[in-house]
Amino acid sequence: MDKKQLYKPFPYKGKAKKKYSVYVKGKTGKPKLIHFGQLPYPHFKDKLGHHKRLDTNDPERRKRYHARHGRKTDKNTAGYWASKILW
């Protein structure tokens, strides 16, 4: 992967138990890799479709998640991507 595509999530294939990774712009302007989504835990709805078996589609669970974590607006954080893709 010579030219890294910024802000485009892809399935994580490493040994850590994460669902997805995404390249974001780091503080120095270089691409930085961040991981998000704990693998064994369910989520509201996987918008990319790689982990659909963990979908709950429970609106109460989604509401409690956002009450705990809030809605992130910084695209360079794992919380933003977890909220956008999984919740």
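The values are calculated or read from the model by the stated rules, or taken from the named source; none is laboratory data. Keep in mind it's a predicted model, so treat the numbers as computed, not measured. Ideal geometry is used to build each Cβ from the backbone, glycine not excepted, and the neighbour counts take in all protein chains shown.
Scanning the stretch 1-20 for residues that are touching a residue at least 60 places away in the same chain (Cβ under 8 Å) and assigned to a strand (DSSP E or B) gives LYS19, TYR20.
Can you tell me which condition ARG61 does not meet? The list is (1) more than 23 Å from PHE10 (Cβ to Cβ); (2) surrounded by 15 or more Cβ atoms within 10 Å (Cβ to Cβ), and all the others hold. Going through the list (1) more than 23 Å from PHE10 (Cβ to Cβ); (2) surrounded by 15 or more Cβ atoms within 10 Å (Cβ to Cβ), ARG61 breaks only (2).
Flag: ALA67 matches the condition of being of a type outside the set (D, E, K, R), without any contact (Cβ under 8 Å) to a residue 12 or more places away in the chain and out of contact with any Pro (no Cβ under 8 Å at 6 or more places or on another chain).
Restricting the search to the stretch 21-52, which residues are within 30 Å of LYS63 (Cβ to Cβ), in a loop (DSSP other than H, G, I, E, B) and either among the basic types (Lys, Arg) or without any contact (Cβ under 8 Å) to a residue 40 or more places away in the chain (or both)?
LEU39, PRO40, TYR41, PRO42, LYS45, LYS47, LEU48, GLY49, HIS50, HIS51
Condition first: surrounded by fewer than 17 Cβ atoms within 10 Å (Cβ to Cβ) and under 15 Å from the mean Cα position of the chain (by Cα). Now tell me which residues in the stretch 66-87 satisfy that. HIS66, HIS69, GLY70, ARG71, LYS72, THR73, ASP74, LYS75, ASN76, THR77, GLY79, LYS84 - these are the residues of the stretch 66-87 that are surrounded by fewer than 17 Cβ atoms within 10 Å (Cβ to Cβ) and under 15 Å from the mean Cα position of the chain (by Cα).
Across the stretch 26-42, the number of residues qualifying as modelled with pLDDT of 90 or more, within 14 Å of the chain's Cα centre (by Cα) and on the phi < 0 side of the Ramachandran plot comes to 6.
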